[in-house]
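Enquirer: The structure is given below, and queries will be raised subsequently.
The values are calculated or read from the model by the stated rules, or taken from the named source; none is laboratory data. Keep in mind that what you see is a predicted model, and the values were worked out from it rather than measured. No Cβ is skipped: glycine too gets one built from the backbone with ideal geometry, and neighbour counts run over all protein chains shown.
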Amino acid sequence: MQFFLEVLIGGLLSGVMYSFVALGFVLIYKASGVFNFAQGAMVFFAALTFVGILEMGVPFWLALVLAFGAMVLLGIGTERIVLRPMVNQPPIALFMATIGLTFFVEGLAQAMWGASVRGLELGIQDEPIEWMMEATGIGVSKFDLFAAGVAAVLVTALALFFQYTRVGRALRAVADDHQAALSIGIPLQTIWRIVWAVAGFVALVAGLIWGARNGVQFALTFTALKALPVLILGGFTSVPGAIVGGLIIGSSEKLAEVYLGAYVGGGIDSWFPYVMALAFLLIRPEGLFGEKHIDRV
Amino acid sequence: MLYREAGQFKATYAADQQIFPIRQDRIGIQLLLALAFVAVPLFASEYWLKAIMVPFLVFSLAALGLNILTGYAGQLSLGSAAFMAVGAFASYNFMLRVDGMPLLVAFALGGLAAALVGIVFGLPSLRIKGFYLAVATLAAQFFIVWLLTKVSWFSNDSSSGVITAQAMVILGYEFASPQAKYLLVLGLVATMALMAKNMVRSSVGRAWMAVRDMDVAAEVIGIRIMHTKLLAFAVSSFYCGVAGALYAFAYLGTVEPEGFNLDLSFKILFMIIIGGVGSISGAFLGSAFIVLLPIFLDVLVQDVFAGLLSPTIASNMQLMVFGGLIIFFLIVEPHGLARLWQIAKEKLRLWPFPH
């Protein structure tokens, strides 16, 4: 039982890390209907930029601001160069354009900062919390707990931003209906830029957390692939869905690896989340929290 | 002046329904085939045949398969490399475990195995659509590669799932020289392309396109959605499976499951985007583009910018150019190279008197 709990908690906390990346997808999909495959590349780009600036001797907070600035520039550039000429294209074409963007951003990041693996130190150790270890015998990493805390803050901040600010209201309006939003005078292009900038910020946070965990390296781009099952499980349009989906995927993945993996030779975490998300989809085709899709002829 | 159908009258239904109704097109395609079957093996160097022409044809076949599914039936798939892997490993096992298995039958059985797997992974398409389906096909991609790596029976207990394809022998003749391999691949690809061309002109292809354009409306006019979608998955996977078998037998010789990774799936997807979604010739044009582009960029970097760029920057520049070109194509010509070719033909019809 103790072991089960430990695996479960570890899984839940790693699920939080998936949620970070899934959150970036959801933001952009909600506001512009674009399924942004480049989110993983953006995570990589953000983390690499941050570390690169840090290595030049810039203090931590300034580096954070500069990296955020770079993400905003990337977002604005994407809106201007990729999205604006492709208005009115089918969503699939936009999706494929973001695959192209993925390649571009990956190349850009490595051309600018080099391809070597870098460490990133946030000052929080990846070690079990001692008093908890002594009291219950369950090892919970400080770092994972910190990441969960950041996720909670981030989601709350985003929820407040969406709910109570002028820009947030405009964002929700655009997400609801592009044309109606345009006709009441909401500047679509500005909104899209803001969304991409916010998604860039989420990518930066995700990049820092993942980078501190596993080192800043090309493998960060694969976080996007980990986030996709989270996304289809939670629904593309739901922020809470991204969090809940992350928790479900994270915990079940770890449990499956521990309890089922032994029977089939291990390594099942590469596909298990997908198969599970698929099973969910067969029951609820829009994900757990996705908007119900109504076919109209 | 030269490209004009004036004076070509159709007296029979058969003549009206032929694949290339314009005489100049027929001559053109015959010239192209003659070039491919006679001139290329005669004059092309060994490097060209081995490293460019064979992969070009193999990828064309895979792109053709994906184009049937994505371009004609409208179901986006990110798992085509996995179906290639199924074809390659199934053909290998049929050759290995059945005595006296003819090569072409093994290829066909490999394709059928891929088609069966394709139907299984196509089942979710009956319930889920669009992006959700695209992500679902990723399940196929990861699961199949994992399975082929883990279950050593598939690779005859070799380490890390590497297989070495058997020699290609048909009726006692061994296809060993680059020319022979090229001709075998070309023959198969040309036949299957012709079949695909006919398929998309027939009622099957029209049903696919109806489902692609609006599945609810298609259902209302009496097209069986389940049948149509699963058939598209099966045919597409069959093409990908045969392409995978050729990839293993005629191109690389030695393959491992990891070689059929997500990158390869994306590569095939890019081929149909750049070549033209929903077009048979587009699969060939896109494949040629994607196969030749890295070689062209390599040459460019080595000869023109030699010494100016460090190798890492050069390889990253390649990634950027690649990504940039895909975006460029999607913006400028969403229907791909095939559409450009069509526009050129329309212009040619009026030339030199544009009115």
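Enquirer: Just to be sure before I move on: is A:ALA63 under 21 Å from B:PHE131 (Cα atoms), among the aliphatic types (A, V, I, L, M) and either without any contact (Cβ under 8 Å) to a residue 24 or more places away in the chain or within 14 Å of another protein chain (Cβ to nearest Cβ) (or both) in the structure I sent? Steps first, answer last, please.
Expert: Values: under 21 Å from B:PHE131 (Cα atoms): no; among the aliphatic types (A, V, I, L, M): yes; either without any contact (Cβ under 8 Å) to a residue 24 or more places away in the chain or within 14 Å of another protein chain (Cβ to nearest Cβ) (or both): yes.
So A:ALA63 fails the test.
Enquirer: Another question, then. With respect to A:ALA47, is the statement that it is surrounded by 19 or more Cβ atoms within 10 Å (Cβ to Cβ), over 19 Å from the mean Cα position of the chain (by Cα) and either more than 14 Å from chain B (Cβ to nearest Cβ) or under 15 Å from B:MET320 (Cβ atoms) (or both) true?
Expert: No.
Enquirer: If you don't mind, there's one more thing I want to ask. When you scan segment A:176-286 for helices (runs of 4 or more DSSP H) that lie fully inside it, which ones turn up with 1 or more residues that are of a type in the set (Ser, Thr, Tyr) and in contact (Cβ under 8 Å) with a residue 60 or more places away in the chain?
Expert: Those helices (runs of 4 or more DSSP H) span A:223-234, A:239-259.
Enquirer: Among the numbered criteria (1) farther than 14 Å from B:ALA248 by Cβ; (2) modelled with pLDDT of 90 or more; (3) surrounded by 24 or more Cβ atoms within 10 Å (Cβ to Cβ), which single criterion is violated by B:VAL58?
Expert: Going through the list (1) farther than 14 Å from B:ALA248 by Cβ; (2) modelled with pLDDT of 90 or more; (3) surrounded by 24 or more Cβ atoms within 10 Å (Cβ to Cβ), B:VAL58 breaks only (1).
Enquirer: Can we say A:LEU23 is assigned to a helix (DSSP H, G or I), aliphatic (A, V, I, L, M) and over 30 Å from A:ASP176 (Cα atoms)?
Expert: No; evaluated as a whole, the condition is false for this residue.
Enquirer: Here's something else I'd like to know. In segment A:156-172, what residues are surrounded by fewer than 18 Cβ atoms within 10 Å (Cβ to Cβ) and part of a helix (DSSP H, G or I)?
Expert: Answer for segment A:156-172, where residues must be surrounded by fewer than 18 Cβ atoms within 10 Å (Cβ to Cβ) and part of a helix (DSSP H, G or I): A:THR156, A:ALA157, A:ALA159, A:LEU160, A:PHE161, A:GLN163, A:TYR164, A:ARG166, A:VAL167, A:GLY168, A:ARG169, A:ARG172.
Enquirer: Please go through segment A:74-84 and pick out each residue that is at pLDDT 85 or above, within 11 Å of chain B (Cβ to nearest Cβ) and over 15 Å from A:LEU108 (Cα atoms).
Expert: A:ILE81, A:VAL82
Enquirer: Take A:ILE129 and tell me if it is surrounded by 14 or more Cβ atoms within 10 Å (Cβ to Cβ) and at pLDDT 80 or above.
Expert: Details: surrounded by 14 or more Cβ atoms within 10 Å (Cβ to Cβ): yes; at pLDDT 80 or above: no.
In short, no.
Enquirer: Quick test for you: out of A:GLY211, A:GLY215, A:GLY250, pick the one residue that is more than 12 Å from the chain's Cα centre (by Cα) and within 13 Å of A:GLY15 (Cβ to Cβ).
Expert: Exactly one of A:GLY211, A:GLY215, A:GLY250 is more than 12 Å from the chain's Cα centre (by Cα) and within 13 Å of A:GLY15 (Cβ to Cβ), namely A:GLY250.
Enquirer: Oh, and also: Quick check, is B:SER152 under 18 Å from the mean Cα position of the chain (by Cα) and outside any helix (DSSP H, G or I)?
Expert: The answer is no for B:SER152.
Enquirer: Of all the residues that make up segment B:268-291, how many are part of a helix (DSSP H, G or I), more than 10 Å from the chain's Cα centre (by Cα) and of a type outside the set (Val, Ile, Thr)?
Expert: Total meeting the criteria: 6.
Enquirer: Follow-up. Quick check: is even one residue across segment B:157-170 in contact with a Phe, Trp or Tyr (Cβ under 8 Å, 6 or more places away or on another chain), within 14 Å of chain A (Cβ to nearest Cβ) and either within 26 Å of A:ILE268 (Cα to Cα) or not in a helix (DSSP H, G or I) (or both)?
Expert: Yes, segment B:157-170 contains a residue that is in contact with a Phe, Trp or Tyr (Cβ under 8 Å, 6 or more places away or on another chain), within 14 Å of chain A (Cβ to nearest Cβ) and either within 26 Å of A:ILE268 (Cα to Cα) or not in a helix (DSSP H, G or I) (or both).
Enquirer: Looking only at segment B:250-267, count how many residues are assigned to a helix (DSSP H, G or I), more than 16 Å from the chain's Cα centre (by Cα) and within 13 Å of B:PRO55 (Cα to Cα).
Expert: 1
Enquirer: Only residues that are without any contact (Cβ under 8 Å) to a residue 60 or more places away in the chain and surrounded by fewer than 19 Cβ atoms within 10 Å (Cβ to Cβ): list them for segment B:117-128, please.
Expert: B:VAL120, B:ARG127
Enquirer: While we're looking at this one, here's another question. Of B:LEU188, B:LEU133, which residue is crowded, with 20+ Cβ neighbours inside 10 Å, within 14 Å of chain A (Cβ to nearest Cβ) and in contact with a Leu (Cβ under 9 Å, 6 or more places away or on another chain)?
Expert: Unique residue meeting the criteria: B:LEU133.
Enquirer: Within segment A:75-108, restricting attention to residues that are in contact (Cβ under 8 Å) with a residue 12 or more places away in the chain and surrounded by fewer than 16 Cβ atoms within 10 Å (Cβ to Cβ), which residue is nearest to B:VAL332 (Cα to Cα)?
Expert: Once the filter is applied, the top-ranked residue is A:ARG84.
Enquirer: Same structure, new question: Without any contact (Cβ under 8 Å) to a residue 60 or more places away in the chain, closer than 30 Å to B:SER160 by Cβ and within 14 Å of chain A (Cβ to nearest Cβ): does that describe B:PHE266?
Expert: No, not satisfied.
Enquirer: Filter segment B:320-336 down to the residues that are more than 7 Å from chain A (Cβ to nearest Cβ) and within 19 Å of B:THR70 (Cα to Cα) and list them by number.
Expert: B:PHE329, B:GLU333, B:HIS335, B:GLY336
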